[in-house]
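This report concerns only the one structure given below.
The values are calculated or read from the model by the stated rules, or taken from the named source; none is laboratory data. What you see is a predicted model, and the numbers here were worked out from it, not measured in a lab. Using ideal geometry, Cβ is built from the backbone for each residue, glycine included, and neighbour counts are taken over all protein chains shown. Protein only, heavy atoms only, side chains kept; ligands, DNA and RNA dropped before computing areas. Shrake-Rupley method; radii C 1.70, N 1.55, O 1.52, S 1.80 Å.
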Amino acid sequence: MKRVLALGALIAVGGLSMSVAAFQQPAPGASQPQMVIDVEKLRDNLFVLSGASSGGNTAVFIQTNGVTIVDTKYPGWGAPIMARIQELTPKPIVRIINTHTHGDHVSGNVEFAADVEIVAHDNTRANMTAMRPAAGVTLAGPPRNIFQENANRGMPTRVFTDSLTIGSGPDQIDLRYFGRGHTNGDTWVFFPALRAVHAGDIFPGKQLPIMDSNNAGTAVGYAETLMKAHAAMANIDSIITGHGAVMTPKDLKEFADFNREFVNGVREGKKAGRSVDEIAATWTLPAKFAGYTALTPQQMPRVRSNVELAYRELP
């Protein structure tokens, strides 16, 4: 079931995928485009908030005594998120969980009340202090550190290393870290009673991911991390991806295979004496991964960046 809250006119995105647009953040003081938030109901108390120009998918988990949200999109999207939640429930927002450091998932943090708990992996908190741009992404303007701009408002107030359980029974949330992938702080947010999980951008959808070497991501270890997560999903039906549709553990396994094949292609090219540029220039989506999104010309630096990282990591 999907409903839409129109907070102004719909923005045309010119055919760019959300994962590219997500990093084209407006400069400080620039006018914000008018906004639309789409709402998908997964369960009676679990919703996904998305939008063509909003950044990463936001989960809204309505608990007994308040609301936990996962990821807060671009700068300026905190207020639209709060407005939409107020239409779903009168309960207060008590907690934000950030899946990783990138600005299209954490920037809205600064707009929430100071007493809202913000939870992230310890490595993500360190990355959010620096707010390094993602490797392989062409920015529309200079990189931003929205937390420095806001006197460190919105930074995590609670961190974990391997796992953390919040609440119990129908309100329980399990945070798990299975290792490096998209970054070195990718948090998987499990809602056990709802048989659902938010994966963030380590599983962005059916597309080539960003293997962000600037934030200690990995190419060679990516598929292994995905399979560790997959092994923990015996009781999971729905996976909220970072930017795409809601998917399943079967889709996650396919995504691990996709990333393993990408690295194997780099391995074969390196053994054959081909350069990073030669491998990147000839990479195409394997035909057997039907339904995966081809990269636009603006996204091609991602291919080279990922190839370069795999090349460097491989023996």
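Quick notes on this one:
- Per-residue SASA entry for LYS253, accessible area with 1.4 Å probe, Å² rounded to 10: 90
- Under 29 Å of direct C-alpha separation, and excluding same-chain neighbours fewer than eight residues apart, LYS271 reaches these lysines: LYS206, LYS228, LYS253, LYS288.
- Derived scalar couplings between HN and Hα for region 87-92 equal 7, 8, 7, x, 5, x Hz in order, rounded to whole Hz, by the Karplus curve 6.51 cos²θ - 1.76 cosθ + 1.60 (θ = phi - 60°), x for Gly and Pro.
- Point-charge dipole on Cβ atoms (K/R +1, D/E -1) for the chain, about Cα centre, debye to 20: 280
- Per residue, the chain exposes 40 Å² of solvent-accessible protein surface, assessed with a 1.4 angstrom probe and all protein chains in place.
- Across the options LEU164, VAL220, HIS182, the greatest Cα extent toward the positive end of the charge dipole of region 119-233 (unit charges at beta carbon of Lys, Arg, Asp, Glu) belongs to HIS182.
- Using the Cβ-Cβ distance between GLN34 and LYS271 with R0 set to 45 Å, the FRET efficiency works out to roughly 0.30.
- Each Lys or Arg adds one and each Asp or Glu subtracts one; over the other residues with Cβ under 13 Å from the Cβ of ALA130, this totals +2.
- Per-pair calculated FRET efficiency, R0 = 22 Å: ARG43 and ALA290 via Cβ, rounded to 0.05: 0.15
- Bridge orientation summary for the chain: considering DSSP beta bridges with both residues in this region, about 65 percent are antiparallel.
- Choice from THR187, THR157, THR99 showing the highest fluctuation, given a GNM over the chain with Cα pairs closer than 10 Å: THR157
- Long-range amide H partners of GLY217 with built H, under 5 Å: ASN184, ASP212
- Here the chain exposes an accessible surface that is 52 percent carbon and sulfur, computed with a 1.4 Å probe and the other protein chains kept in place.
- The chain: C-alpha pair distances exceeding 23 Å, %: 54
- Area accessible to solvent at TRP283, 1.4 Å probe radius, in Å²: 50
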